Amino acid sequence: MPPVTTARRERIPVRRMDFDFGADIPEAWADDSPLITSLMAGLSAVFPPGERFFIDSVRHYASQVTDPDLKERIRGFIGQEANHTKEHIAFNRFLDARGFDVWKIERFVEARLKALRKHASPEANLARTAALEHMTALLASAVLEDGDFLEHSHPTIAAFWKWHAIEEIEHRSVAFDVYRECVDDEQLRRRTMAVVTVFFCTISALRTVFMMKRSGHLLDVRAWTGGLNRLLGRRGVLRRAFPLYRAYYRSSFHPDQHDNRDAVERARSKYLGAN
């Protein structure tokens, strides 16, 4: 495996946040784009049940981990994910009050993940967690490395999503390292990512359509074209993340091989400060 280019052993801090989602937040709170707002609202809907699933999947193997440093990072991972859950629940209730009805998506996802806990093996669920943690980490990288993304949004919205992105990068290798130490099945790892990708992209698209309908922009051609260009155009936020996605299939892959320390540090300084 090539040398890891970021500080893998950096302590994972658990920050206690308390965002206030007030009435002054505009309707299209993500880059003034109804489409990007809808996409991110849909993502927020799945975070509370999803992050509880991630915690359970990693915690199942915590007693089998022998590396004391990894044990400490697991504690930081669980602390960060628990705080993400708390803050996204608050944000989702804000979205419900705006008419997005994200509680319907939360309930659907919770039921599906409950079935996985009951019927899927712990190895498969940890492989899913590692894959989905990579998906969220590459999205977080895209958010932090694009100098303009969310920079002109409402300050609370920008700080909320940048904080989440920073912490996704800080703990991006924990589930992967637990998987490698306790399961280490390369075929299962890569196969799971392929399956997760199909479901993730399909469900994300359906969630976005649902949110566009709830916001009244389902037939707004300008909103669709402008948002898609911002995401997938030549300099699109998501298009720049494709190489990170493909890297997951390499046998030599490790999440910390992508060096984005400068972008993370800039975001920490601007949005977290002393916190």
Inset, instruction - Quantify, in whole percent, the carbon and sulfur part of the accessible surface of the chain (1.4 Å probe; protein heavy atoms only). - result: 57 percent
Inset, instruction - Over the chain, give the accessible area per residue in Å² for a 1.4 Å probe, as an integer. - result: 47 Å²
Legend entry - Charge dipole of the stretch 1-93 about the Cα centre (unit charges at C-beta), most positive-ward option of Thr85, Ile55, Pro68: Pro68
Legend entry - Exposure of Cys201 as accessible area (Å², to 10), given a probe of 1.4 Å and all protein chains: 70 Å²
Inset, instruction - Determine, for each peptide in 40-48, 88-96, the mean count of other beta carbons within 10 angstrom over its residues, then list the peptides with the highest first. - result: 40-48, 88-96
Legend entry - Radius ratio Rg over Rh of the chain, counting only Cα atoms, Kirkwood formula for Rh: 0.94
Legend entry - Per-selection Rg to Rh, the stretch 42-188 - Cα, Kirkwood hydrodynamic radius: 0.99
Legend entry - For the stretch 140-275: relative contact order, % (alpha-carbon pairs under 8 angstrom, 6 or more apart): 41 percent
Inset, instruction - On a 0 to 90° scale, report how tilted helix 68-97 is relative to the longest principal axis of the chain, with both axes built from alpha carbons and the result rounded to the nearest 10. - result: 20 degrees
Inset, instruction - Indicate the gyration tensor shape class of the stretch 1-107 (rounded, prolate or oblate), computed on the Cα atoms with a ≥ b ≥ c the square roots of the eigenvalues: a/c under 1.5 is rounded; otherwise a/b larger than b/c is prolate and the rest oblate. - result: prolate
Legend entry - Burial order of peptide ranges 119-126, 79-86 (average beta-carbon count within 10 Å, highest first): 79-86, 119-126
Legend entry - the chain - mean residue ellipticity at 222 nm from DSSP helices (-39,500 (n - 2.57) per run, n ≥ 4, rounded to 500): -22000 deg cm²/dmol
Inset, instruction - Please work out whether the stretch 226-275 counts as rounded, prolate or oblate from its C-alpha gyration tensor, where a ≥ b ≥ c are the square roots of the eigenvalues and a/c under 1.5 means rounded, while otherwise a/b larger than b/c means prolate and anything else oblate? - result: oblate
Inset, instruction - Provide the FRET efficiency to the nearest 0.05 for the Arg75-Glu186 pair, computing r from the beta carbons and using R0 = 25 Å. - result: 0.40
Inset, instruction - Could you pull out the GluC sites (Glu not before Pro) across the stretch 141-232 that fall in loop regions by DSSP (anything but H, G, I, E, B) with no more than 13 other Cβ atoms inside 10 Å? - result: Glu151
Inset, instruction - Run the dipole for the stretch 177-268 about the Cα centre, Lys and Arg Cβ at +1, Asp and Glu Cβ at -1, nothing else charged, and hand back the magnitude in debye, nearest 20. - result: 660 debye
Legend entry - Computed magnitude of the charge dipole of the chain (debye, nearest 20; Cβ of K, R +1, Cβ of D, E -1): 620 debye
Inset, instruction - Could you tell me which of rounded, prolate or oblate describes the stretch 175-273, using a ≥ b ≥ c as the square roots of the eigenvalues of the alpha-carbon gyration tensor, with rounded for a/c under 1.5 and, failing that, prolate when a/b is larger than b/c and oblate otherwise? - result: oblate
Legend entry - Sequence-separation-based contact order of the stretch 1-105, relative, with Cα cut under 8 Å and 6+ spacing, percent: 38 percent
Inset, instruction - Mind pulling the angle between the C-alpha long axis of helix 186-215 and the longest principal axis of the chain? Nearest 10 degrees, somewhere in 0 to 90. - result: 20 degrees
Inset, instruction - For the chain, calculate the relative contact order in percent as a whole number, restricting contacts to Cα pairs under 8 Å that are 6 or more residues apart. - result: 32 percent
Legend entry - GNM result for the chain, Cα springs below 10 Å: residue of Ala62, Ala142, Ala97 fluctuating most strongly: Ala97
Inset, instruction - With everything on Cα atoms, drop me the angle between helix 155-170 and the longest principal axis of the chain, reported from 0 to 90° to the nearest 10. - result: 20 degrees
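The values are calculated or read from the model by the stated rules, or taken from the named source; none is laboratory data. Computed from a predicted structure; not experimentally measured. FYI the Cβ positions are ideal-geometry reconstructions off the backbone, even for glycines, and counts take in every protein chain you see. For the accessible areas, the whole protein counts, side chains as well, though only heavy atoms, and no ligand, DNA or RNA atoms are used. Shrake-Rupley method; radii C 1.70, N 1.55, O 1.52, S 1.80 Å.
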